[in-house]
Amino acid sequence: MKSYIFSSIRLTFILAIIFIGGYSLVILGIAQLSPNKGKGEIITQNDRTYYTNIGQKFTDDKYFWSRPSAVDYNASGSAGSNKAPSNPDYLKEVQKRIDYFLVHNPEIKKSEIPSEMVTASGSGLDPDISVASANIQIKRISKIRTIPEANLKQLILSNTEKPLLGLFGPEKINVLKLNLALDQLK
């Protein structure tokens with residue numbers, strides 16, 4: 001009996017070293033081969049540094065808005081709201097977001113709002129929106145910035161990321177990249 005216990009404890013320590021230390025080193029090594037050494041994609045513009053893989057808060061009417069965040073875009077605490085779709089508090093929050101969106105986009109009907117514009121992602125840090133979510137904001141931005149809608153549609157098209165291998169996932173747009181490109185338009 002004692003020999004089994006000591007063997008089990010020894011095996012546990014050996015496997016912990018292999019799977020905790022070894023696995024971490026393998027992943028670190030793979031990350032070193034990726035662009036920017038696994039730190040994500042970084043953009044520097046106007047002496048500011050941005051991480052494109054983390055959602056940014058854009059709520060100014062002159063920008064394309066990001067998806068709402070349950071953690072207020074705080075990257076140190078990624079999380080969803082953990083509230084069920086039937087939760088009264090959650091429903092009030094979503095209705096508040098719908099009302100806010102409609103006030104700032106008066107040309108839009110409630111039924112036209114993509115659900116992602118009023119619901120937070122599971123991580124609370126989703127950097128992307130769908131093409132439909134970007135297109136629904138064109139009128140507001142065009143009016144405020146006095147940029148023709150056709151130019152904004154072209155900007156959206158040029159910033160649209162296609163599905164992986166043309167098969168996996170939807171078309172999406174990184175909101176940070178889109179807004180930085182928007183600021184470059186004159």
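Observations on the structure shown:
- Residue check: residue 56 meets all listed conditions (1) surrounded by 10 or more Cβ atoms within 10 Å (Cβ to Cβ); (2) more than 18 Å from residue 137 (Cα to Cα); (3) assigned by TED's automatic domain parsing to the domain that holds residue 128; (4) not charged (D, E, K, R) but one, namely (2).
- Residue in the stretch 156-172 that is within 30 Å of residue 40 (Cα to Cα), assigned to a helix (DSSP H, G or I) and in contact with a helix residue (DSSP H, G or I) (Cβ under 6 Å, 6 or more places away or on another chain) present: yes
- Hits in the stretch 96-128 (condition: surrounded by fewer than 18 Cβ atoms within 10 Å (Cβ to Cβ), more than 18 Å from residue 74 (Cα to Cα) and of a type in the set (S, T, N, Q)): 111, 115
- Residue check, residue 70 of a type in the set (A, V, I, L, M), surrounded by 14 or more Cβ atoms within 10 Å (Cβ to Cβ) and not in a helix (DSSP H, G or I): yes
Per-residue answers, yes or no, for (1) among the acidic types (Asp, Glu); (2) farther than 30 Å from residue 177 by Cβ; (3) under 15 Å from the mean Cα position of the chain (by Cα):
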| residue | (1), (2), (3) |
| --- | --- |
| 21 | no, yes, no |
| 28 | no, no, no |
| 46 | no, no, no |
| 50 | no, no, yes |
| 57 | no, no, yes |
| 79 | no, no, yes |
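- Exactly one residue out of 125, 91 is under 22 Å from residue 70 (Cβ atoms) and not in a helix (DSSP H, G or I), and it is 125.
- Check on residue 7, without any contact (Cβ under 8 Å) to a residue 60 or more places away in the chain, in a helix (DSSP H, G or I) and farther than 27 Å from residue 80 by Cα: yes
- Here residue 53 fulfils each of the conditions (1) in contact (Cβ under 8 Å) with a residue 60 or more places away in the chain; (2) of a type outside the set (D, E, K, R); (3) touching a helix residue (DSSP H, G or I) at 6+ places or on another chain (Cβ under 8 Å) apart from (3).
- The residues on offer are 78, 24, and the sole one that is at pLDDT below 80 and either in a loop (DSSP other than H, G, I, E, B) or over 20 Å from residue 115 (Cα atoms) (or both) is 78.
- Test: residue in the stretch 81-94 that is surrounded by fewer than 10 Cβ atoms within 10 Å (Cβ to Cβ), among the aliphatic types (A, V, I, L, M) and modelled with pLDDT of 85 or more: no
- Condition check for residue 160: in contact with a strand residue (DSSP E or B) (Cβ under 6 Å, 6 or more places away or on another chain), assigned by TED's automatic domain parsing to the domain that holds residue 63 and surrounded by fewer than 16 Cβ atoms within 10 Å (Cβ to Cβ): yes
- Qualifying residue in the stretch 136-150 (condition: among the small types (Gly, Ala, Ser), farther than 15 Å from residue 176 by Cα and part of a loop (DSSP other than H, G, I, E, B)): no
The values are calculated or read from the model by the stated rules, or taken from the named source; none is laboratory data. This structure is a prediction, so every number in the text was calculated from the model and none was measured. Positions of Cβ are backbone-derived with ideal geometry, glycine not excepted, and every protein chain shown enters the neighbour counts.
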